[in-house]
1. For the range 77-154, which chymotrypsin sites (Phe, Trp or Tyr not before Pro) pass both filters: DSSP loop (anything but H, G, I, E, B) and at most 16 other C-beta atoms within 10 Å?
2. Show me, for the range 149-154, the HN-Hα J-couplings you get by feeding each phi into the Karplus relation (A = 6.51, B = -1.76, C = 1.60, θ = phi - 60°), rounded to Hz, glycine and proline as x.
3. With every protein chain left in place, what is the accessible area of residue 181 in Å² (1.4 Å probe, nearest 10)?
4. When all alpha-carbon pairs of the range 59-116 are counted, what percent fall beyond 15 Å?
5. Under 16 Å between alpha carbons: how many lysine pairs meet that in the range 120-202, if sequence neighbours fewer than 8 apart on the same chain are excluded?
6. If the only charges are +1 at each Lys and Arg Cβ and -1 at each Asp and Glu Cβ, what is the size of the charge dipole of the range 108-202 around the Cα centre, to the nearest 20 debye?
7. Might you tell me the accessible area per residue for the range 55-129, computed with a 1.4 Å probe and given in Å²?
8. What do the square roots of 5 times the Cα gyration tensor eigenvalues come to for the range 82-202, in whole Å, largest first, as semi-axes of the equivalent ellipsoid?
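The values are calculated or read from the model by the stated rules, or taken from the named source; none is laboratory data. Here the structure is a predicted model, which means the values were calculated and not measured. For neighbour counting, all protein chains shown are included, and Cβ atoms are generated from backbone atoms with ideal geometry for every residue, glycine included. Heads up: the accessible areas ignore ligands, DNA and RNA and are worked out on the full protein's heavy atoms, side chains in. Shrake-Rupley method; radii C 1.70, N 1.55, O 1.52, S 1.80 Å.
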Amino acid sequence: MSKKYKIILGLISLLIIILIVFLITNQFSVNHKVNYQVIDKIDNYDYTLDDRDGKLMREEFNKLKKVLAKDEIDYNSYASILANLFIIDLFTINNKENKYDVGSLEYIYPDIKDNFKLNVTDTIYKYINEDDKNNYPEVKEITGNTVSDTTYTYQKEDFEAYKVIVTWDYSKDLGYYTKGELILIKKDTKLYVVSFKGVEEN
């Protein structure tokens, strides 16, 4: 094989590699695009409301704004409403762009956010197809919510915490969870979700 032929072959191989990298990168970007706008936010808490959020999400968001606007915050109410928002955003899947567009991330404790997102993309969001959104759930109503005080230990530090049991209904029953248990911890003045598990109804 001549030196000239080797050089040409090498250049072709390099171009093929560059093309493959470009296609993979472009596909990754497409899969992660989102088409919505923030229409409201709660200052100092980084909670946002998007134009794609439905009536129930907007009602709960406005309740939370009122609770957090008070000089003295009722943390039981705060925990209750935040748990509702978490459930509505996580399990309303028909407004998500793709499996990577995971709901409720803004309510998660920062240290566990990446693990939470990975778990959701590998489980309840795994088979999202943006062209078939009618086959994905929308939370239409919170039917129950109970809050109890507790403590939670994370990395050897004890936190004041709240356990919230939430039950909910969908616009259409597609077999997803309808009951869940959340643990929210208080750090400074803000609450964060650190644990969620679905509960099978009897």
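1. Those satisfying the criteria are 100, 127.
2. 6, 7, 10, 9, 9, 10
3. Taking all protein chains as shown, residue 181 has close to 40 Å².
4. 56
5. 11
6. The calculation lands at about 180 debye.
7. Details: 3460 Å² over 75 residues.
Here the per-residue accessible area is 46 Å².
8. Over the Cα atoms of the range 82-202, the ellipsoid semi-axes are 26, 17, 11 Å.
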